[in-house]
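These notes concern the structure reproduced below.
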Amino acid sequence: MIEQGYEGEVSVVVVDDGEGNETYYEEEVVIAHDGKNFAVLVSLPPEECEPGCKCHEEPTVIIARIDREDGEDVYVAPTEDEYEAVVQLYEEVQ
């Protein structure tokens, strides 16, 4: 199952690379697979970036499994099998 967000709403996820660098991602779509939810996240350009700059040309796309911890959504790396299955589901609807 693929769940699209409502028009006008944007879910933004902040990913920290472990070295203190943060990248902002927009949650493009949530895909349900094997009883779990997975988010397809598309990078957003940094606020200081000028239109026309390279970061506007090719965003980074990642897939994250959405787990619940202490009532909060936590985005974690999927297993290799989960990743491959979600990519296949995503490509089927594109």
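Within the stretch 11-32, the residues that satisfy the criterion of being small (Gly, Ala, Ser) and either within 8 Å of the chain's Cα centre (by Cα) or under 23 Å from Gln94 (Cα atoms) (or both) are Ser11, Ala32. What residue, among those in the stretch 3-41 that are exposed (fewer than 14 other Cβ atoms within 10 Å of the Cβ) and β-branched (Val, Ile, Thr), is modelled with the lowest pLDDT? Restricting to residues being exposed (fewer than 14 other Cβ atoms within 10 Å of the Cβ) and β-branched (Val, Ile, Thr), the top hit is Val10. For the stretch 34-45, a residue qualifies if it is in contact with a strand residue (DSSP E or B) (Cβ under 9 Å, 6 or more places away or on another chain) and under 17 Å from Pro78 (Cα atoms), and the qualifying residues are Lys36, Asn37, Phe38, Ala39, Val40, Leu41, Val42.
Only one of the numbered conditions (1) in contact with a strand residue (DSSP E or B) (Cβ under 8 Å, 6 or more places away or on another chain); (2) part of a helix (DSSP H, G or I); (3) at pLDDT below 90 is not met by His56, and that is (1).
The values are calculated or read from the model by the stated rules, or taken from the named source; none is laboratory data. All values reported here derive from a predicted model rather than from experimental measurement. Positions of Cβ are backbone-derived with ideal geometry, glycine not excepted, and every protein chain shown enters the neighbour counts.
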